[in-house]
Structure formats: C-alpha cells, structure tokens
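Contents: one structure, followed by commentary.
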Amino acid sequence: MHTGPHARRAGAAIAAALALALLAGCSSSSSTSPTASASVAPKPGGALVIGVTSDPDTLDPWKATQFQAVNVLQNLYGTLTEFDKDLAVVPGLATSWDVSSDGLTVTFHLRQGVTFADGSAFDSADVVYSLTKIKDEATAAVARASLASVASIAAPDASTVVLTLKAPDAALLANLAVINMAMVSSTDSEATLATTPDGTGPFVMDKRTPNESITLKRNEKYWGDKAYLDTVEFRVIPDETSIVSAMQSGNVQLAVFDDPLVAKTVETGTTTVTKTPQLSYHVLQLNATKGDLTDVNVRLAIACAIDRQQVLDTAALGEGEVTGPITSPAYRSDPSSRPCPTRDLAKAANYLAKAGKSGGVTIKTIVSQGEYSTSVNEAQNLKSQLADAKITLDLEVLESGAYVDRWVAGDFDAAVALNGGRPDPDGMYSRYFTSTGNLNKVAGYSSPELDTLFAQGRATSDPAERKAIYTKISNQLEDNAPWVWLFTSYTYTATAAGVSGFVPMANGSLQYLRTTSMS
Amino acid sequence: MLRDLIRRPLVHRLVAALGTLLGVAVFVFVMLRAIPGDQITAGLGTEAAALTPAQRAALESYYGIDRPLPVQFFSWLGNLVTGNLGFSSRAQTSVLDLTAQSLPVTLELAVLSIVLALVIGIPLGMLSASRPNSPRDLVGQAIGLAGLSIPAFLLATTLLSVLAASFGWNPNGQGYARLTDGPLLNLQQMLLPSLVLGFGIAAPIMRTTRTAVLDVRSQDFVRTARAKGVPPRRLQVRHVLGNALVPILTMTGLQFGYLLGGAVVVEQIFSLPGIGRQVLLGIQQKEYAVVQSTVLIIALAFVVVNLLTDLLYRVIDPRVRAA
C-alpha cells in the first residue's frame with residue numbers, strides 16, 4: 001500500500017541503541033505467553049489508547065500514504081470491497097458484484113441502509129462521485145492508476161454501480177479495498193474532509209489536538225457489527241522507547257513496533273507481543289538501465305554473491321524470512337526458485353566472466369539513513385558479501401528526504417530499499433515491471449514477456465490459473481534479477497492485559513480495532 | 001538627526017534586532033529550500049514517484065510551491081506583517097494557533113529548567129569555591145562534569161524507563177495536560193524533563209559561579225569587609241555572590257535563550273508538544289511556512305531574552321547603571 005515508510009524516523013537509531021542498552025538493565029520480571037485473548041465474551045465499552053510516533057499528515061483518505069494516517073482513516077471510512085484477516089477480498093460497501101463473461105463489465109450491488117457520519121445516506125451517487133474524483137488528475141489521488149482499466153462509471157439506480165473496463169482487470173476488486181479508494185459523500189468537498197472526516201467506517205471522529213492526539217468514537221450507525229470500544233485514542237508519543245514506558249505504566253494499551261529490539265523491551269509483565277509477517281520486503285534494487293547493470297550477467301552475479309539469510313541475520317537479528325518477489329500469502333514466491341538458491345561465488349564469477357567483467361564492477365548504491373532501522377546495516381553487509389565476488393558497492397548514505405528525492409527520480413544505479421507490498425501481485429508489481437507502469441522508471445526493467453504475463457494475469461480470474469501466471473512472473477524476475485529480493489520482516493503488536501479481539505494484519509492495517517474489546 | 005536617533009542605545013539595539021531577524025528569515029527560507037525534497041515527497045514518500053505530471057502540478061499549486069521563490073518569500077513576509085504566520089496543511093490549522101499551543105509549553109519548561117539549574121548550580125558553585133581544590137571542590141566539579149557530559153537523551157530515557165518499569169510512574173504517558181486544565185498533572189509531566197534539562201544547565205552555571213566567586217573573593221573589598229567584621233555568611237552572599245552575579249546572569253540568559261529554541265530531544269522523549277517539536281515536524285514534513293515562522297518566533301524570543309538580560313544587568317550592577 002505505502003511504498004515508503006516515512007513515519008518512524010526521528011530518533012529511530014537512538015531508540016534502537018537505547019533499547020539495546022536497556023535490554024541489559026530491564027529485569028524481565030515474568031514473561032507471559034500470548035494467551036490473553038481467550039475465553040470471556042467481549043463486552044462493549046472501554047477507552048483504548050494506542051501509542052503512535054506521529055500524527056497523521058493528512059485526513060484526506062485519497063492522499064494518505066503515511067502509516068499513521070492510513071491507520072486512523074481505515075477506521076473512519078469504508079470501501080466497496082474489503083480484505084479479511086487473510087487478505088482475501090470480501091464484501092464491504094458493495095454486498096456483491098457480477099463480472100460479465102468477457103470481463104469487461106463489473107456490476108456492484110451496494111449495501112442498503114448505510115449512512116455517513118454526518119447522517120446522510122450512502123448510495124450509488126457517492127460511489128460515482130468518489131471514483132470519478134479519484135480518476136481525476138486534479139485530485140492527485142494516489143490510487144488513480146488502480147482505476148486505469150476503468151473506461152466509464154455509471155449508476156443505473158441508487159443501489160447499483162456499473163464499471164465498464166477497457167480490458168479485463170482481475171486485480172480491480174483487491175485494488176478497491178484499500179483506504180485510498182475510500183467512499184466519500186458526494187456532498188462533501190475535499191476541503192471539508194481535510195478537517196472533518198465523514199465516512200461510513202466503524203468509528204467516527206471525536207476530537208483532535210494536532211501533534212498530540214486523535215480520538216475516535218464508536219459509530220453507532222455502523223452497518224456491520226458495532227465496535228465494542230467506546231473510544232480509540234491515537235496518542236502521539238514520538239519516541240518508541242517512550243511508548244514502551246507508557247505501556248509499562250499502563251497509560252497505553254496497544255502499540256505496533258517494527259524494531260525487534262524495541263519490541264523485546266516491551267515484552268515484560270502483562271504485555272503480550274504478537275509477531276506478524278509483513279507484505280513489505282527488503283530489497284536491493286538494481287537499475288537495469290544504468291551502466292554495467294544493463295548486462296543481465298552482472299545482475300545475476302550480484303544475486304548469486306548474496307547470502308540473503310546472512311543479510312537478515314546481521315542486519316535484523318534474524319527476525320524475518322528470506323523472500324522471493326511476491327510476498328502475499330496466496331501467491332508467495334518460492335524463495336529458492338532462482339538461479340542461485342544459495343550463495344554461489346563460483347557461479348557469480350562465471351556470470352561476471354560472461355559479462356566480460358572478471359576484473360570486477362563498481363555499483364553506486366543509495367541507502368537511506370533513519371527511514372527504517374535496518375537500512376544501513378543491510379547495506380554494509382551487502383557490501384562486504386559482494387566484495388568477495390569483486391563487486392564493489394559504493395554506498396551513498398542519504399538523509400531520508402534526500403533518498404526519497406533520488407529514488408523518485410530514478411537517479412541511482414542501485415538502492416537498498418524497504419518497499420510496501422500488496423495482497424494482489426498485479427497491484428504489487430505491474431506498476432514497476434510493465435513497460436507502461438507508472439513506477440517503471442524507478443524499477444528500471446521491463447520486458448515483452450513480463451508485459452504479456454501481467455496482461456494474462458489481469459485477464460484471468462481463476463485463482464489457480466492466476467497463481468501459475470504469477471509464479472512465472474516471479475521466476476522471470478529472479479532469472480533476470482532486475483532486483484535482488486532479500487527478506488520480509490515482522491511487525492510487533494504489543495497489547496496490554498485485558499485487551500482482546502485485535503487481529504494484526506500482514507498489510508499493517510488496524511482495521512480490527514472494530515472487533516477489539518477491553519475487560 | 002537620523003544618525004543621532006540610531007546612536008541612542010535602545011533604538012540602536014532595536015534596529016540591530018530587526019536586522020538580525022531579517023537575516024534569520026532569509027537564511028531559514030534559503031536553507032529550507034536547499035534541503036532535498038518538498039512537501040509532496042515528504043507527504044507521499046516514495047509513492048510520489050507514481051504521480052502523473054498533472055497530479056504533481058495540482059499538488060504543487062495546493063501547497064503553494066509552484067510560485068517563484070521571490071514571490072513565496074515576499075508573500076510570506078508580507079503576511080507576517082499582518083500577523084498571518086501561515087497555515088499548516090498537516091495540522092489543518094494556522095501556524096499562529098499551533099504556536100499559541102506550543103510556545104507556552106516550551107516557556108514553562110524553560111522557566112522550570114532554569115530555576116532548577118540555578119537551585120542546583122549556584123550553591124554547588126559556591127561550595128566548590130569555598131575551598132578550592134579540596135575534596136568538596138572535587139565533588140562539586142565532578143557533579144558539574146557529569147551534568148556536562150551525560151547526554152540529555154540518555155538521562156531522559158533512563159529516568160523514564162526505570163520509573164515506568166519499576167514503579168509504574170509515568171505522567172508523561174498520559175496525554176499532555178495544559179497548565180490551565182490540569183495544573184497538577186502538568187507539573188508532574190514537567191518534573192522529569194525540567195530535571196533533565198536543569199541538570200545539564202546546572203553544570204555551566206556551577207562552573208561560572210565557581211570562577212566568578214573565586215575571582216571576586218580575591219579582590220580587595222572582600223578583604224576589607226572581612227576585616228570590618230562582616231559575618232562570614234553575609235560576606236559570602238551579600239558581598240561575594242552579589243558581585244559575582246553578572247557573569248552568572250550572562251550564562252543564565254544565554255542558556256534560557258537556547259531553551260526557548262525548544263529542547264527537541266527532551267520534548268520528543270517526554271512527549272511534550274513544545275515549539276522544538278513543532279519545528280522538527282515542520283522540517284520533516286517540509287512545511288515551509290511552519291518552519292520559517294516558528295524559527296522567526298524563536299529568534300525573536302532569543303532577542304527579547306538578551307534585551308531583558310541587559311536590562312537586568314542594570315538592576316543588579318550599579319556600575320552598568322552609571323555607565
């Protein structure tokens with residue numbers, strides 16, 4: 001969903017260092033096993049406080065990419081389709097949909113009796129308005145490209161919406177489930193929504209103090225099962241270590257960490273920590289349009305000279321899993337299905353020789369400092385491993401703003417990156433690796449084979465057939481090594497005793513606050 | 001005529017202060033734009049790469065960064081004159097409102113820290129000076145050195161973590177309470193951060209006090225006073241400390257000015273929504289108006305503190321008054 005994590009930057013490195021220092025000092029009084037969410041029937045009521053490192057940077061669901069913003073907005077707005085806890089597409093504001101046999105017409109049947117927070121009724125006019133605005137370039141909606149296949153949007157009656165497509169698009173239903181596709185009321189302007197969210201979600205806005213906190217309260221008119229919690233407060237505590245302290249003192253009942261060191265310090269006493277594998281992936285992006293990297297043999301030499309497990313172990317304490325390109329559970333790539341399943345320096349030397357570069361190559365690599373905790377360590381480990389194969393990584397460590405600038409411009413030979421994943425592999429990679437993809441410039445690689453395969457994937461709705469196609473795509477990617485996929489990591493959801501019913505998700509979503517209760 | 005006016009000390013100082021502020025304004029404006037990235041990439045991160053040119057143009061116009069730089073500068077400056085400090089699209093509120101919330105937090109923290117620093121620093125400095133190079137001097141100096149060398153973030157995190165983990169005491173884990181709506185909780189939330197800052201500032205104050213006291217004590221009038229039979233305590237406080245106050249005041253004013261710039265790290269760790277954090281967030285989000293206006297306010301505060309320090313000299317030192 002969000003490619004660039006840009007939330008937890010301030011003091012992330014400091015926090016990590018301190019956490020390490022404190023590990024020694026903190027006596028772990030008792031460690032409870034995660035059994036908290038057992039037995040007792042959930043009862044309504046309670047005010048949950050979630051510790052977050054920063055305030056949402058926008059309340060406009062169509063422009064939100066920052067984690068904090070997405071997490072708040074997810075609970076305020078509704079989408080036509082939704083993801084369940086396993087990331088399968090399930091009905092949302094649309095109760096069902098029909099796809100014509102040629103795949104070119106999708107008819108959505110809308111849920112009846114749904115109201116927005118302001119009390120107005122939700123109907124097909126709101127869907128047409130929302131989708132049309134998202135498609136309009138002047139709106140600058142981040143999910144605009146996901147509607148590229150949509151030729152027209154029509155509302156034959158108040159409870160039906162018909163999308164006519166230019167070409168079949170099997171990824172459309174999953175694309176509609178993200179918060180950037182939120183349905184807003186046709187009577188609201190973007191200017192009002194920037195201050196006053198008006199959605200159909202399980203919670204409604206209660207109050208906000210900028211830079212301090214945002215409080216949501218239960219939407220009593222929510223169309224689904226009502227939330228148990230009376231209120232959810234997202235309390236801004238900029239320093240992760242301070243969030244840990246706030247949990248220990250009982251002021252905060254839920255927090256999500258991505259740094260294993262910090263997560264370890266919180267796992268004491270009555271706090272339960274749940275590890276959730278993430279769709280986002282750590283990767284060494286090679287730019288196949290630049291210098292020596294235009295030669296596939298050079299790229300393969302790099303892929304073969306890297307022991308991915310070693311990167312994971314040294315940079316991230318082994319907290320994660322080695323991965324191939326596709327990370328979503330339903331389509332997961334086999335990480336050993338590649339030219340070098342394990343590190344193979346002899347093969348790397350062969351590839352370099354084939355490229356006529358037996359003397360070695362030098363690759364300029366950009367690395368972000370402070371964007372996420374493991375970046376620099378990953379880069380240094382990659383550098384030392386590649387040095388054994390006469391490949392020199394020339395590291396350029398950049399402040400996160402500078403890194404993003406260079407990345408966005410595609411101005412790099414190679415980049416150490418943590419990219420966001422999506423449940424649907426088409427949504428995840430067609431934007432990077434098809435010749436018309438809007439991130440193709442950044443990916444630096446496309447091929448006629450991949451264009452064809454992605455088009456096939458979109459035209460096929462049968463799950464088994466799709467899986468076969470994306471396995472081919474995954475293999476194409478590994479065989480041509482435009483990027484070297486390294487590993488996926490976890491998020492760590494810490495919950496205080498008495499909090500139950502929360503389900504962490506692989507896309508980092510907090511949508512299950514609606515099933516969370518407190519005793 | 002004009003020259004005479006400028007020569008008058010107060011007018012001269014005001015003109016100099018205005019010049020300083022204008023310099024700061026230009027400097028911050030230029031520096032901010034020299035940093036890579038803009039509000040679009042700061043908001044969208046790497047997702048900004050997926051924007052079409054038309055989408056980018058729409059956003060640039062929304063954030064007002066499509067206008068030429070001189071236009072941006074002078075419209076900002078013009079707005080400042082009318083009291084419009086700009087708008088934060090992230091917080092969806094004016095910079096004036098943001099500052100009205102954050103400045104009191106920093107001001108309170110600064111005052112409390114300085115009071116604590118003086119309470120710790122001056123007695124310690126006098127104790128050290130009372131018998132130079134003795135064990136008590138050594139202890140005083142060691143404490144001073146600790147204050148100087150222990151980084152605030154380390155002390156802050158350690159205090160917070162130990163108190164929260166061992167005693168479950170963490171007022172800063174609750175939402176920030178303003179002095180007006182929860183004075184008791186507010187003071188609790190201010191206690192640790194002002195201790196941390198105060199301890200750090202106590203060190204230079206202690207050292208200044210020690211040096212100044214030693215310097216004054218060696219002067220003739222002290223010997224005369226002692227010969228006249230002034231009791232030791234009165235001698236120490238009225239004569240020695242009284243005359244050593246000028247350098248101590250200078251140091252205090254300087255430190256206070258720095259504190260008004262916001263103790264970013266301490267504000268972050270203790271979740272205090274002060275002015276330092278406002279600037280930091282502004283820089284991270286590339287909210288130019290927020291950073292420019294807030295930095296200017298901080299600079300203004302610094303100038304005012306300096307002016308007040310100068311006025312205080314006149315109060316405590318008759319020699320300055322005479323000059």
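The values are calculated or read from the model by the stated rules, or taken from the named source; none is laboratory data. This structure is a prediction, so every number in the text was calculated from the model and none was measured. Here the Cβ is made from the backbone with ideal geometry for all residues, glycine too, and neighbour counts use every protein chain on show.
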Query raised in the report: Is at least one residue of region B:269-279 in contact (Cβ under 8 Å) with a residue 12 or more places away in the chain, of a type in the set (Ser, Thr, Tyr) and outside any loop (DSSP other than H, G, I, E, B)?
Result: no
Report task. Hey, can you tell me all the residues within region A:243-263 that are assigned to a helix (DSSP H, G or I) and within 12 Å of another protein chain (Cβ to nearest Cβ)? Result -> A:243, A:244, A:245, A:246, A:247, A:248, A:262
Query raised in the report: Out of A:432, A:403, which single residue is closer than 27 Å to residue B:43 by Cβ, crowded, with 18+ Cβ neighbours inside 10 Å and out of contact with any helix residue (DSSP H, G or I) (no Cβ under 7 Å at 6 or more places or on another chain)?
Result: A:403
Query - Test set (1) in a helix (DSSP H, G or I); (2) at the interface with chain A (Cβ under 9 Å from one of its Cβ atoms); (3) not acidic (Asp, Glu) - residue B:31 fails condition number - result: (2)
Report summary line: Out of (1) crowded, with 23+ Cβ neighbours inside 10 Å; (2) away from chain B (no Cβ under 14 Å), the one residue A:90 does not meet is (1)
Report summary line: When region A:464-490 is checked residue by residue, the ones that are surrounded by fewer than 22 Cβ atoms within 10 Å (Cβ to Cβ) and of a type in the set (S, T, N, Q) are A:471, A:475, A:476, A:480
Report summary line: Picking from B:116, B:112, B:80, the residue that is hydrophobic (A, V, I, L, M, F, W, C), touching a residue at least 60 places away in the same chain (Cβ under 8 Å), away from every other protein chain (no Cβ under 14 Å) and over 30 Å from residue B:211 (Cβ atoms) would be B:80
Query raised in the report: Right, residue B:37: in contact with a helix residue (DSSP H, G or I) (Cβ under 9 Å, 6 or more places away or on another chain), outside any helix (DSSP H, G or I) and within 14 Å of chain A (Cβ to nearest Cβ) or not?
Result: yes
Requested in this report: Assess whether residue B:84 counts as being within 18 Å of residue B:295 (Cβ to Cβ), polar (S, T, N, Q) and not in a helix (DSSP H, G or I).
Outcome: yes
**Report entry** The listed residue being of a type in the set (Phe, Trp, Tyr) and crowded, with 23+ Cβ neighbours inside 10 Å, out of B:256, B:270, B:302, B:221
**Finding:** B:270
Query raised in the report: From the residues in region A:206-217 that are at pLDDT 95 or above and in contact with a helix residue (DSSP H, G or I) (Cβ under 9 Å, 6 or more places away or on another chain), which one is nearest to residue A:75 (Cα to Cα)?
Result: A:216
Query raised in the report: Filtering region A:39-58 down to residues that are in contact with a helix residue (DSSP H, G or I) (Cβ under 9 Å, 6 or more places away or on another chain) and not in a strand (DSSP E or B), which residue is nearest to the other protein chains (Cβ to nearest Cβ)?
Result: A:57
Query - region B:138-188: number of residues that are over 25 Å from residue A:267 (Cα atoms), within 14 Å of another protein chain (Cβ to nearest Cβ) and in a helix (DSSP H, G or I) - result: 4
Report summary line: Going through region A:199-227 in order, the residues found to be surrounded by fewer than 21 Cβ atoms within 10 Å (Cβ to Cβ) and more than 30 Å from residue B:272 (Cα to Cα) are A:220, A:221, A:222, A:223, A:224, A:225, A:226
Query raised in the report: With region A:321-437 as the region, which helices (runs of 4 or more DSSP H) entirely inside it contain at least 3 residues that are at positive phi and at pLDDT 95 or above?
Result: none
**Report entry** Members of region B:259-274 that are away from chain A (no Cβ under 11 Å) and either modelled with pLDDT of 90 or more or under 22 Å from residue B:160 (Cβ atoms) (or both)
**Finding:** B:259, B:262, B:263
Query - Of the criteria (1) in contact with a Pro (Cβ under 8 Å, 6 or more places away or on another chain); (2) surrounded by fewer than 23 Cβ atoms within 10 Å (Cβ to Cβ), which one residue A:359 fails - result: (1)
**Report entry** Of all residues making up region B:128-151, the number that are closer than 19 Å to residue B:238 by Cβ and surrounded by fewer than 19 Cβ atoms within 10 Å (Cβ to Cβ)
**Finding:** 1
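A quick yes/no check of all residues on (1) assigned to a loop (DSSP other than H, G, I, E, B); (2) within 13 Å of another protein chain (Cβ to nearest Cβ); (3) of a type in the set (Lys, Arg):
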position	(1), (2), (3)
A:183	yes, no, no
A:200	yes, no, no
A:207	no, yes, yes
A:211	yes, yes, no
A:215	no, yes, no
A:222	yes, no, no
A:234	no, yes, no
A:241	no, yes, no
Requested in this report: Could you grab me the full set of residues in region B:28-37 that are buried (at least 18 other Cβ atoms within 10 Å of the Cβ) and modelled with pLDDT under 90?
Outcome: B:37
Query raised in the report: If you check A:227, A:246, A:263, which single one turns out to be under 28 Å from residue B:91 (Cα atoms) and touching a Phe, Trp or Tyr at 6+ places or on another chain (Cβ under 9 Å)?
Result: A:227
Query raised in the report: Does residue B:191 satisfy the criteria of being within 14 Å of chain A (Cβ to nearest Cβ), in a helix (DSSP H, G or I) and either of a type in the set (Lys, Arg) or in contact (Cβ under 8 Å) with a residue 12 or more places away in the chain (or both)?
Result: no
Report task. Considering only region A:128-173, state which residues are among the hydroxyl-bearing types (Ser, Thr, Tyr) and away from every other protein chain (no Cβ under 14 Å). Result -> A:129, A:130, A:132, A:149, A:152, A:159, A:160, A:164
Report summary line: Those residues of region B:267-306 which are within 25 Å of residue A:66 (Cβ to Cβ) and among the aliphatic types (A, V, I, L, M) amount to B:269, B:272, B:275, B:279, B:280, B:281, B:283, B:289, B:290, B:291, B:295
Requested in this report: Might you let me know whether region B:91-103 holds any residue that is crowded, with 19+ Cβ neighbours inside 10 Å, acidic (Asp, Glu) and either assigned to a helix (DSSP H, G or I) or facing chain A (nearest Cβ under 8 Å) (or both)?
Outcome: no
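Residue-wise test of (1) of a type in the set (Phe, Trp, Tyr); (2) under 26 Å from residue A:420 (Cβ atoms); (3) surrounded by fewer than 21 Cβ atoms within 10 Å (Cβ to Cβ).
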{"site": "A:257", "(1), (2), (3)": "yes, yes, no"}
{"site": "A:265", "(1), (2), (3)": "no, no, no"}
{"site": "A:302", "(1), (2), (3)": "no, yes, no"}
{"site": "A:312", "(1), (2), (3)": "no, yes, no"}
Query - residue B:129 being of a type outside the set (Val, Ile, Thr) and over 30 Å from residue B:179 (Cα atoms) - result: yes
Report task. Can you tell me which residue among B:134, B:89 is without any contact (Cβ under 8 Å) to a residue 40 or more places away in the chain and of a type outside the set (D, E, K, R)? Result -> B:134
